[in-house]
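The values are calculated or read from the model by the stated rules, or taken from the named source; none is laboratory data. Every value quoted in this text rests on a predicted model; they were computed, and no experiment measured them. In this analysis, Cβ positions are derived from the backbone assuming ideal geometry, glycine residues included, and neighbour counts consider all displayed protein chains.
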Amino acid sequence: MADESPLIRSLRAAVAAAPGDVPLRLHFAELLLAEGRSDEAVTEAAVALQHAPGDAAARALMVRAMGLPPAAPETPVVQERAEAPAVPESPPAPVRPEPKSSFDWAAAEEQVSDVVGPRFLEEPQAEGGDGLTGDAAAWDVDAPGAVRLADVGGMTDVKERLEAAFLAPMRNPELRRLYGKSLRGGLLLYGPPGCGKTFIARAVAGELGANFLTVSLSDVLDMWIGASEKNIHDIFETARRQAPCVVFLDELDALGGKRSRTHNNGLRNVVNQLLTELDGIASGAGNEGVFVLAATNVPWDVDIALRRPGRLDRTLLVLPPDAPAREAILRYHLRERPIEAVDLGKLVKATEDFSGADLAHLCETAAETALLDSARTGSVRLITTKDLLGAAKQLRPSTEPWFSAARNVAMFANEGGLYDDLLAYLKRKRKL
Ligand SMILES: Nc1ncnc2c1ncn2[C@@H]1O[C@H](COP(=O)(O)OP(=O)(O)OP(=O)(O)O)[C@@H](O)[C@H]1O
Ligand SMILES: [Mg+2]
């Protein structure tokens with residue numbers, strides 16, 4: 001913040017240097033609160049509580065920082081609040097339901113959303129968007145990001161396979177020379193939705209110190225009627241100019257649509273152009289430093305021509321996050337929420353088969369429960385293990401339907417052992 005006071009600025013730096021120093025952080029939070037920046041104070045108090053769960057001073061400060069503004073007895077809450085300062089300076093006062101009419105939930109929620117910290121976290125910068133939507137540019141290049149494989153929680157198998165099958169040869173020119181072109185193909189990530197394919201692709205780019213160019217094929221195909229081959233070519237031209245660069249083809253199945261089944265000429269041309277580009281990369285000439293990763297939830301719909309040797313010839317199954325990964329994801333989504341002494345171990349056990357996206361949703365649901373509860377009773381409370389476990393019970397893992405479909409393919413259409421990894425997993429989990 002440009003106009004921040006020097007004291008706040010130095011305290012912020014001191015806190016960053018000693019993140020575990022709870023009294024220091026609380027001091028910082030007090031100052032923020034005194035400046036009327038109560039949402040930031042809530043965040044700091046929440047972090048302090050993570051370091052020292054149950055700390056009375058931290059808790060007291062949190063409650064003060066979350067202080068709810070008094071409800072207007074007569075006028076509807078929304079209007080009353082329209083010009084009021086977002087940050088109440090007065091001590092917390094309970095929100096009381098209006099005497100006669102029913103309580104205005106939406107208004108109350110909106111009111112407290114200013115002071116209880118973000119209800120909807122921004123996606124980590126690491127992850128950006130899952131591609132391109134609407135009328136955004138057809139593709140985007142991100143500078144080498146800060147995401148590394150170490151940021152991917154758990155999933156040791158995936159990381160080891162990535163290292164052996166992709167990263168080591170890419171990083172090591174000697175190895176590349178030794179094995180020649182056979183290592184030049186791309187890697188296809190597949191698995192249930194929301195389980196980290198995009199995240200992992202970004203981490204791979206981070207490991208290679210490469211730019212990251214995402215192309216969401218289902219989005220761009222619609223926008224490209226008529227000019228698709230040229231656009232595919234432009235994407236790879238951009239990547240060559242920006243090398244080292246990872247080209248990430250998301251939703252590869254949108255193209256795959258099995259060419260024989262596709263009567264759409266335009267689509268066939270796009271696939272052919274993509275094959276040309278992939279072969280260009282395999283041949284090396286002028287393509288040094290361009291790496292191709294692709295992802296799909298439905299690998300069985302991907303055109304087999306795209307999977308021939310030298311193209312996307314290696315696959316990597318990305319499964320629902322294992323226990324350490326779930327813990328990392330939960331920690332991430334709870335990091336700025338007012339929580340108290342959350343038992344992560346219990347929560348991790350209760351969320352088997354949940355995808356990363358499901359876990360984010362779970363944290364949101366629990367926060368909502370605590371928020372509405374606070375508004376209803378007029379006494380602010382933090383998010384507890386019980387809220388989170390309750391949310392876990394309420395939600396069904398979204399990966400279930402995927403596994404039912406994948407099970408059939410793995411059992412009856414496992415051509416050339418394509419889905420051996422998936423079969424092994426299904427056996428291990430007794431899902432066969
Ligand atoms: N192992 C992990 N460690 C940390 N965060 C993870 C991990 N796996 C997934 N996530 C998080 O889970 C969320 C969903 O992941 P992501 O978008 O990469 O899934 P996806 O497989 O690409 O989904 P889709 O099939 O919908 O495109 C993201 O917020 C991501 O950061
Ligand atoms: Mg994705």
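Determine whether Leu32 is in contact with a helix residue (DSSP H, G or I) (Cβ under 8 Å, 6 or more places away or on another chain), surrounded by 19 or more Cβ atoms within 10 Å (Cβ to Cβ) and within 25 Å of Ile383 (Cα to Cα). So Leu32 fits the description; yes. When Glu277, Glu237 are checked against the criterion of being crowded, with 18+ Cβ neighbours inside 10 Å and more than 22 Å from Glu415 (Cβ to Cβ), a single residue qualifies: Glu277. Here is the figure for segment 188-203: residues that are on the phi > 0 side of the Ramachandran plot and near ligand 2 (Cβ under 9 Å from one of its atoms) total 2. The test for being β-branched (Val, Ile, Thr) and either touching a His at 6+ places or on another chain (Cβ under 9 Å) or not assigned by TED's automatic domain parsing to the domain that holds Phe236 (or both) holds for Ile329. The condition of being at pLDDT below 90, away from ligand 1 (no atom under 13 Å from the Cβ) and under 25 Å from Arg268 (Cβ atoms) holds for Gly185. Of all residues in segment 355-377, none that is without any contact (Cβ under 8 Å) to a residue 60 or more places away in the chain has its Cβ atom under 7 Å from the Cβ atom of a residue that is within 16 Å of ligand 2 (Cβ to nearest atom) and of a type in the set (Ser, Thr, Tyr), 6 or more apart or on another chain. With respect to the conditions (1) free of Cβ contacts under 8 Å to residues at least 24 places away in the same chain; (2) crowded, with 19+ Cβ neighbours inside 10 Å; (3) among the polar types (S, T, N, Q), Thr351 lacks only one, and its number is (1).
To keep it simple, each residue is scored yes or no on (1) within 16 Å of ligand 1 (Cβ to nearest atom); (2) at pLDDT 80 or above; (3) in the same structural domain as His233 (by TED's automatic domain parsing); (4) under 13 Å from Phe291 (Cα atoms).
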site	(1), (2), (3), (4)
Val152	yes, yes, yes, no
Val158	yes, yes, yes, no
Gly191	yes, yes, yes, no
Lys197	yes, yes, yes, no
Arg202	yes, yes, yes, yes
Gly209	no, yes, yes, yes
Thr214	yes, yes, yes, yes
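Scoring Glu352 on the criteria (1) in contact with a helix residue (DSSP H, G or I) (Cβ under 8 Å, 6 or more places away or on another chain); (2) part of a loop (DSSP other than H, G, I, E, B) leaves a single failure, condition (1).
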